[in-house]
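*Asks:* Handing you this structure, nothing more for now.
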Amino acid sequence: MVHVLRCTFVINLRAPTCEPNVCESRAPTCEPNQCAIYEHINRVDEEQKVLLYCKYCTKTWCYFEDVFKKTGSSTSNHMKHVKSHHKRQYAGNSNALLRPMDGYLQNSSSLEKKIAATSDISDDLIREAIENVVLSEAEAFTIIESKLFLKLLKILLKCKRDNVIILKADALRNGILKRAENMRSELKKELSKSNFTIHMSLDMWTSPNQFSFLAIVIHFVGPDWTLHKKLLTFTDTTDHSGAGLAEIVQHTLEEFEIVERIGCLTMDNASNNDTLMSALENSIVDYCIREKILKTWNADDSRIQCLPHTINLSVKAFLKSLGEIDDILIDDEIPNRNDFNLIRRLRFIVKKLRSSPQQRKQFRGQCNLANCENLMLILDVSTRWNST
């Protein structure tokens, strides 16, 4: 369920090009130089955001709508990207090789001819088709060990129909969205069958392309007296304030009709979560008065602070006390020979050993010579609380 809901929100962000809010539908109103770039770039207008996607790679640009308008909707950077990274497409060559291994596959594989020449699907033909998928899509070799991938292969091998319908991107998107909605409905029914208190854990997460998401997970005991953990929502938001997050939590509670059953919330120690709890308390009280529900919920008594984050803050404070400056954990400079800060020197050694394949190879070689287990040193990550 987690993967389906996450996929649902990503799909909502990256709407297909046939949707009415994509730039192709507005191309006639563009300036001539802007219309040219939209042959290579897709535009999606979200609430207060403008998202631009390269049609040939995963490059993404995200702008706040007011900033995008102030800059005159400049597209020079986008055109520069297309010219420098997709020269053949920019020149109008529709047969351009879009991926690194396409040229090799065209020269080394002739699956279409082999399929047309025989009705017998041999093991070698299946192997070649799988190898082509891995090479072309840059998939991991371990995909062949995926149970779902193997199930798909078995279904296709047993299929005797010649007119197998292969979904297009839009149909696949709509199917996943429909599945997610069905799962939400089933979750509502499941929650309605239990009268136990429902506890929540929530956190914010920022994706590599700078989208912020709030994930809410609920924990409850089911009718069978087993502990259940379910992802309730995974929604994108640009409002990091406590009041804004409280509004999302309150809306989710009302949507699943579990306001009167809410128990404790587990979150990290960020200051905006303090505001979230106080705002949520006011919202729950107002809701209970409006719906005539007898319930008392106190923010101070219902807050559980994240233990890993607390330990992380304690360790950071301890490490900070070992040095004269505050940036022991983020300093990238080479330590001075006279620097007796052991933490700084060890951290620099770890970064150096992990900095290149050559360094890693030499380190593994030294491990082999010393008959040590061949492991790689781990570098701490300031935002990954169990790594410090």
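*Asks:* Among residues belonging to segment 64-98 that are surrounded by 17 or more Cβ atoms within 10 Å (Cβ to Cβ) and farther than 30 Å from residue 135 by Cβ, point out the one that is modelled with the highest pLDDT.
*Replies:* Restricting to residues being surrounded by 17 or more Cβ atoms within 10 Å (Cβ to Cβ) and farther than 30 Å from residue 135 by Cβ, the top hit is 79.
*Asks:* Do the conditions hold for residue 262, that is, is it of a type in the set (Val, Ile, Thr) and over 23 Å from the mean Cα position of the chain (by Cα)?
*Replies:* yes
Residue-by-condition table, conditions (1) within 22 Å of the chain's Cα centre (by Cα); (2) exposed (fewer than 14 other Cβ atoms within 10 Å of the Cβ); (3) assigned by TED's automatic domain parsing to the domain that holds residue 54; (4) basic (Lys, Arg):
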residue: 154; (1), (2), (3), (4): no, yes, no, yes
residue: 158; (1), (2), (3), (4): no, yes, no, yes
residue: 190; (1), (2), (3), (4): no, no, no, no
residue: 201; (1), (2), (3), (4): yes, no, no, no
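*Asks:* If I ask for residues that are modelled with pLDDT under 75 and charged (D, E, K, R), which ones from segment 47-63 would you list?
*Replies:* Hit for segment 47-63 is 47, nothing else.
*Asks:* Please state which of the following conditions residue 294 fails to meet, knowing it meets all the rest: (1) of a type outside the set (Ser, Thr, Tyr); (2) within 19 Å of residue 192 (Cα to Cα); (3) touching a strand residue (DSSP E or B) at 6+ places or on another chain (Cβ under 9 Å); (4) modelled with pLDDT under 90.
*Replies:* Of (1) of a type outside the set (Ser, Thr, Tyr); (2) within 19 Å of residue 192 (Cα to Cα); (3) touching a strand residue (DSSP E or B) at 6+ places or on another chain (Cβ under 9 Å); (4) modelled with pLDDT under 90, only one is false for residue 294: (3).
*Asks:* Give segment 198-216 a look and list any residue that's in a strand (DSSP E or B) and free of Cβ contacts under 8 Å to residues at least 12 places away in the same chain, or say none.
*Replies:* 205, 206
*Asks:* Return the residues of segment 168-182 that are more than 20 Å from the chain's Cα centre (by Cα) and either closer than 15 Å to residue 232 by Cα or surrounded by 14 or more Cβ atoms within 10 Å (Cβ to Cβ) (or both); say none if nothing qualifies.
*Replies:* Hit for segment 168-182 is 182, nothing else.
*Asks:* How many residues does segment 120-167 contain that are more than 28 Å from residue 58 (Cα to Cα) and either of a type in the set (A, V, I, L, M) or not in a helix (DSSP H, G or I) (or both)?
*Replies:* Qualifying residue count, segment 120-167: 14.
*Asks:* Among the residues of segment 172-187, is there at least one that is under 19 Å from residue 250 (Cβ atoms) and at pLDDT 85 or above?
*Replies:* Checked against the condition, which is being under 19 Å from residue 250 (Cβ atoms) and at pLDDT 85 or above, segment 172-187 yields at least one hit.
The values are calculated or read from the model by the stated rules, or taken from the named source; none is laboratory data. Values in this document were obtained by computation on a predicted structure and should not be read as measured data. Every residue, glycine among them, receives a Cβ derived from its backbone with ideal geometry; neighbour counts consider all protein chains shown.
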